[in-house]
Amino acid sequence: EMPCPVAELDPIGGVTLCIEADDLSLWTATSPPVRLWSRPFPVRVARLVDGGVVAASADVILVLDRQGERLFEAPALNDPSRRGGAVGARVLIEGGGTSQIVDLVHSTVSPVTPCGTGRHSSLVLDPDPSAAEPVVVALCMDGTLRGPGVEGGLAQSPLIAPEREGIRMTRLRSGLLVVGTNKGELVLLDGGARVVGHATVVEGFVRILESSPDQRFVAVAGEGETVQIVSVPELARVASLPRRATQMSWDPAHPRELLTTGRWLERWRLAGPEADVNRPVVGAYRIPLEDGVVSLDVDPAQDDRIAVGFGGRAAVLTPDAMVARPLGFITTKAVSFVDDAVFAAGARGFLRLDAADLSLRATLTPWSIRRLVTLRDGTSIIGLYSGARRMKGGELWVQEASAVRDLSVSPGRSFAVMLREVDRALLRVRAGSLESELVGHDPEAEAVAVSADGERFFGARRGGVAEWDEGGLVLTYEAGVLELVDVEVSGDGQWVAAGARDGTVFLWRRGEAMPRARFMDHLERVPAMVFSRDSRWLVTGSWDRTLRVRDLAAVTEDAGVLKAGLERDLGLGLGEALGSER
């Protein structure tokens with residue numbers, strides 16, 4: 001948790017600079033953070049740079065070393081108003097007409113007036129820290145681009161108009177300029193101020209614009225928005241972080257990792273192969289929907305195609321696009337892939353939709369459906385508020401006369417398990433069989449799952465997940481005091497996941513009682529989860545109208561290490577930590 005709401009990060013040095021109205025302080029980037037020093041100062045802007053800290057008040061620019069000792073100071077010119085870019089040991093402190101470059105190596109503070117007597121909307125330092133002299137390029141309020149590297153030293157840019165202003169700017173080593181505007185746009189300019197790329201990526205003012213160390217991505221955020229990751233020069237949005245950030249920083253040592261501050265100091269990693277920009281940020285890929293998610297399914301024949309049930313709609317999501325359509329249900333209760341079709345169920349029965357474009361193929365029943373799954377033999381098991389039925393090839397028959405609490409299909413779709421409402425009996429159904437088998441009871445279960453081999457059953461309840469076999473209880477996966485509402489097991493049998501009523505997602509290694517990970521990025525109930533067929537990722541859906549895709553390769557910390565860290569750093573047992581707000 002962050003020690004202050006506004007902070008500057010140094011990923012290499014492992015420190016966090018807290019910037020408050022009347023105080024500067026430096027902290028370790030640990031959990032919990034430890035204060036190294038603090039200094040009273042009326043801060044307007046402040047920045048961490050190589051070898052020290054630069055802070056500006058209305059009158060003074062103060063330069064400190066990393067131990068908080070004063071190195072030198074200089075008068076501030078023209079009311080410092082904005083934190084400028086930093087390259088190596090140089091930092092730009094922006095003012096209205098006159099800005100200043102602070103150089104820690106040479107202990108100098110130099111005025112910069114790139115727009116002459118006029119004002120600028122954005123300044124940028126040359127990204128080469130070894131340059132003998134700092135190079136500043138300015139986007140001026142009169143619509144000109146000025147500075148070394150600009151053709152003729154002065155070029156008229158079509159970017160600026162009466163209602164359009166460049167707010168943030170970064171310069172790439174290729175010479176291209178990436179400009180963020182007050183209209184939420186990213187605009188690419190060449191050295192002649194010609195527009196060579198343009199895309200709207202956020203709403204309102206571009207508040208954060210930072211290029212990655214390898215220059216392949218920029219991180220962008222608008223006013224009050226989450227951070228978007230955009231590839232350059234394509235300006236394609238490739239990922240989104242789940243929470244808003246007040247500041248962010250790419251890690252120079254790890255070009256595909258970035259850190260953000262807000263309420264929390266968090267590290268994110270672009271997942272997937274180095275050349276693959278379509279993979280999401282680990283634990284953070286957000287797909288906004290019109291309503292809360294209630295059901296998910298992965299296509300058995302195509303691992304990157306996901307069916308989503310939300311509100312009165314169904315959708316099919318691929319890495320490239322999402323196709324959605326309204327279904328006329330008050331709420332879409334369940335979605336399931338069946339060959340080249342998607343079954344969608346709700347309060348008015350269920351529909352057969354084409355999986356490619358969701359065009360309607362058939363209206364199948366008038367029942368009020370609670371759950372629906374499909375086995376590999378094409379049999380659909382339908383959970384009703386009054387019982388359960390099966391359907392295959394249009395033929396229907398009663399399966400169970402009492403109400404079904406929950407219904408789940410195994411990875412591979414060879415088995416299904418039903419949780420009966422009246423007595424919480426667990427009933428196993430095999431593909432190709434007409435019978436259901438009573439395999440046990442879980443009186444506390446709210447949701448169930450079954451392993452790929454049909455031998456193990458998992459019940460989500462308050463405080464954890466119970467794993468059963470036909471001989472009885474095998475293990476309880478601990479979740480503190482939270483109420484769990486969904487549970488899934490991966491196809492390789494290595495992972496168990498559960499979603500809680502408060503939005504928390506737990507992930508356990510199969511056979512380990514303590515969780516390997518606890519994700520707190522959903523804001524509301526998580527009633528829908530699904531693992532990929534290859535067990536490489538987990539998708540979670542929430543009533544907060546988002547889906548999140550989680551790369552399981554990122555979850556590597558041993559539960560014993562986690563437990564020891566909690567006891568050492570926070571003085572908490574794992575059960576206490578899981579049940580606390582922290």
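Sum up the charges of everything whose Cβ sits under 10 Å from the Cβ of K333, counting Lys and Arg as +1 and Asp and Glu as -1, but leave K333 out.
In short, +2.
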The correct ranking of E203, E567 by accessible area at 1.4 Å, largest first, is E203, E567
So how far apart, in nm, are the two label points at D23 and V422 if each is 7 Å from Cα heading toward Cβ?
6.5
With all protein chains present and a 1.4 Å probe, the order of I93, I19 from largest accessible area down is I19, I93
The rounded separation in angstrom of the Cα centers of the range 331-352 and the range 510-558 is 24
Please give the net charge around G440, taking every other residue with its beta carbon less than 13 angstrom from that of G440, where Lys and Arg add +1 and Asp and Glu add -1.
-4
Along the Cα→Cβ direction, 7 angstrom out, place labels at V105 and M520. What is the inter-label distance in nm?
4.2
Between E512 and D59, 0.36 nm times their residue separation minus their Cα-Cα distance comes to what?
157.2 nm
Give the calculated FRET efficiency between R119 and V195 to the nearest 0.05, with a Förster radius of 35 Å applied to their Cβ-Cβ distance.
0.95
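Check each of the chymotrypsin sites (Phe, Trp or Tyr not before Pro) in the range 359-461 and keep only those in coil by DSSP with at most 13 other C-beta atoms within 10 angstrom; list them in order. Intermediate values should be presented prior to the final figure.
Working: sites: W367, Y385, W397, F415, F457, F458; in loops: W367, Y385.
In loop regions of the range 359-461 (DSSP not H, G, I, E or B), the sparsely surrounded chymotrypsin sites (Phe, Trp or Tyr not before Pro) are Y385.
Show me the ranking of peptides 538-546, 205-213 by mean Cβ neighbours inside 10 Å, starting with the highest.
Numbers: 538-546: 23.1, 205-213: 20.2.
Descending mean neighbour count gives 538-546, 205-213.
The values are calculated or read from the model by the stated rules, or taken from the named source; none is laboratory data. What you see is a predicted model, and the numbers here were worked out from it, not measured in a lab. Please note: Cβ atoms are built from the backbone with ideal geometry, for glycine as well, and neighbour counts cover all protein chains shown. Side chains included, ligands, DNA and RNA excluded: accessible areas come from the protein's heavy atoms. Shrake-Rupley method; radii C 1.70, N 1.55, O 1.52, S 1.80 Å.
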